[in-house]
Amino acid sequence: MVNKGTIIYEPGNSINNKTGSWRVFKPILDNDKCIKCENCYIFCPEGCIQPDENGDFKIDYDYCKGCLICEEECPVKAITGIREEK
Amino acid sequence: MQNVKVITGTSAAAEAAKLADVDVIAAYPITPQTTSVEKLAEFVANGELNAEYIKVESEHSAISACVGASATGARTFTATSSQGLALMHEILFAAAGMRMPIVMMNANRALSAPINIWNDQQDSISQRDTGWIQLYAENNQETLDLIIQAFKIAENENVLLPVMVNLDGFILTHTVEPVEIPEKEKVLNFVGQYEPKHAYLRPEKPMTQGALGDPEWYMETRYDVQKAQDVALNVIKDIHDKFAEKFGRAYGNGLIESYNIENAETVLITMGSLCGTIKDVIDELKAEGKEYGLLKIISYRPLPTEEIKEALKGAKNVAILDKDISLGLDKGALFTDIAPFLKDKKTVNYIVGLGGRDIRKANIKEIIEHTENEAKDTETKWIGLKE
């Protein structure tokens, strides 16, 4: 149950609250086409596109809400939005 | 020896906040509330009240500052009126949803357009679904007494809702009346210290307040406020009784007050200062051998529907006087809220005193006459309208 006044007594727990479930569109990143320009990383409003240790960019689908700004901004069309399937 | 001061309604409100020893006041001046926060600023400036007075640039900021202050566990007070209350609207929901026991004095005033600074109750009625408890005062003494009780109601562990104490603009805010000012110690003893258990921002124990509530949880939080309003019915009565015992002043049962209802077939229902006029008319007519009753609503939210039904058991005709109007329905708020519970009686709605139009004894007599004779069930009549 929710605490009185929706107060959360253990702050920082939003890390457990996966917000990617809202998604209608899902961005798929093709790392073969990617030129590592970092545009998607800069423009993602949720900060869920990050480079891994090899420098390849990965989308964190736990938090990605499918706004497809990354697809719009990618200069080489390495990102494609598809309809999310559950 | 009683300490009686002859003061305005706004001063009575300021005195009450001082007596309750508020920690934080954030308010923006607006007619006819201004003199209340001026008084409080004076109390803080001359050291009579040890509180933080936050100067803000608007009512939206005033109530936001109050929510912030209340979230740290401070006893918080604000005052506003009309357009100012309307400007607070979105934060009023936050205050109730976050369960912040803020106490507010609202000077009832009409809303623009046209610009009108005079009294009606449209401003607070427009805020009725925000989750705030709404109490209405009949006179300056009741204003002081209600504000003292308001802190105790708001801070009750099972209520934890903001409380708005309404007094009619100019009619009460700017009229001087003798008001008994209780001793500070006695008031503090009655109100007690506010020790918040649910909301208390402090670095050692971090917490998140005002968090996101997704569709999974929002409905439950609104239901929680509804439950708290239900609980408040009993809390208000109980606190009223304790207040009456300690300070020797009682107002019905704290939720409603009946006046000569037991002898009357025709009863008037209304809120605020108009009740005083009606009581006078009832006394005059009683001297002529005619019996009429008044049911004064003190607590509009929560609305004590059971108590109202019970009080009106013997009534045949009910005249409901509203100083507000739901446009497009042609009914006032009290009527729409109460009439469904009074299906077995003739209920008539009177729209009165909008924008400060005087409501005289003759108007009350006209209303009584109309209710008893020509009025049809559920009819609406605007009183004193120039056509």
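The values are calculated or read from the model by the stated rules, or taken from the named source; none is laboratory data. On a predicted model such as this, the values are computed, not experimentally measured, just so you know. Methodologically, a virtual Cβ is constructed for each residue, glycine included, from the backbone with ideal geometry; neighbour enumeration extends over all protein chains shown. For accessibility, only protein heavy atoms count, side chains too; no ligands or nucleic acids. Shrake-Rupley method; radii C 1.70, N 1.55, O 1.52, S 1.80 Å.
Computed values, structure above
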read-out	value
Test for B:GLY355: is it open to solvent by 10 Å² or more (accessible area, probe 1.4 Å), more than 29 Å from B:LEU233 (Cα to Cα) and in contact with a helix residue (DSSP H, G or I) (Cβ under 8 Å, 6 or more places away or on another chain)	no
Residues (within 12 Å of another protein chain (Cβ to nearest Cβ) and either loosely packed, with under 11 Cβ neighbours inside 10 Å or over 30 Å from B:GLY248 (Cα atoms) (or both)) located in segment B:183-201	B:LYS197, B:HIS198, B:ALA199, B:TYR200, B:LEU201
Residue check, B:ARG99 touching an Asp or Glu at 6+ places or on another chain (Cβ under 6 Å), over 25 Å from B:HIS174 (Cα atoms) and touching a residue at least 60 places away in the same chain (Cβ under 8 Å)	no
Residue that is nearest to the other protein chains (Cβ to nearest Cβ) [pool: residues in segment A:1-23 that are modelled with pLDDT of 80 or more and open to solvent by 70 Å² or more (accessible area, probe 1.4 Å)]	A:TYR9
Any pair with Cβ under 8 angstrom, 6 or more apart, that starts in segment A:6-30 at a residue that is closer than 17 Å to B:ALA199 by Cβ and ends at one that is modelled with pLDDT of 85 or more and in a helix (DSSP H, G or I)	A:THR6/B:GLY97; A:THR6/B:THR221
Selected residue (criterion: surrounded by the fewest Cβ atoms within 10 Å (Cβ to Cβ)) from residues of segment B:221-247 that are within 12 Å of chain A (Cβ to nearest Cβ) and of a type in the set (D, E, K, R)	B:LYS227
Test: residue in segment B:212-220 that is of a type outside the set (Lys, Arg), more than 18 Å from A:MET1 (Cβ to Cβ) and either surrounded by fewer than 18 Cβ atoms within 10 Å (Cβ to Cβ) or within 10 Å of chain A (Cβ to nearest Cβ) (or both)	no
Residue list for segment B:280-291, filter: buried (at least 16 other Cβ atoms within 10 Å of the Cβ) and under 25 Å from the mean Cα position of the chain (by Cα)	B:VAL281, B:ILE282
Residue in segment B:96-126 that is farthest from the other protein chains (Cβ to nearest Cβ), counting only those that are buried (at least 20 other Cβ atoms within 10 Å of the Cβ) and of a type in the set (S, T, N, Q)	B:ASN119
Residue in segment B:202-211 that is modelled with the highest pLDDT, counting only those that are facing chain A (nearest Cβ under 9 Å) and loosely packed, with under 14 Cβ neighbours inside 10 Å	B:PRO206
Residue within segment A:29-46 that is outside any loop (DSSP other than H, G, I, E, B), more than 30 Å from B:TRP217 (Cβ to Cβ), open to solvent by 80 Å² or more (accessible area, probe 1.4 Å) and of a type in the set (A, V, I, L, M) present	yes
Positions within segment B:49-97 being among the polar types (S, T, N, Q) and either under 27 Å from B:LYS227 (Cα atoms) or in contact with a helix residue (DSSP H, G or I) (Cβ under 7 Å, 6 or more places away or on another chain) (or both), in sequence order	B:SER58, B:SER64, B:SER70, B:THR72, B:THR76, B:THR78, B:THR80, B:SER81, B:SER82
Residue under evaluation B:PHE93, criteria (1) within 14 Å of chain A (Cβ to nearest Cβ); (2) open to solvent by 10 Å² or more (accessible area, probe 1.4 Å); (3) touching a residue at least 40 places away in the same chain (Cβ under 8 Å); (4) of a type outside the set (Val, Ile, Thr), criterion not met	(3)
Residues being under 23 Å from B:LYS323 (Cα atoms), touching an Asp or Glu at 6+ places or on another chain (Cβ under 9 Å) and either aromatic (Phe, Trp, Tyr) or open to solvent by 10 Å² or more (accessible area, probe 1.4 Å) (or both) - total across segment B:61-90	3
Residue among B:LEU172, B:LEU167 that alone is more than 12 Å from every other protein chain (Cβ to nearest Cβ), in a loop (DSSP other than H, G, I, E, B) and in contact with a Gly (Cβ under 6 Å, 6 or more places away or on another chain)	B:LEU172
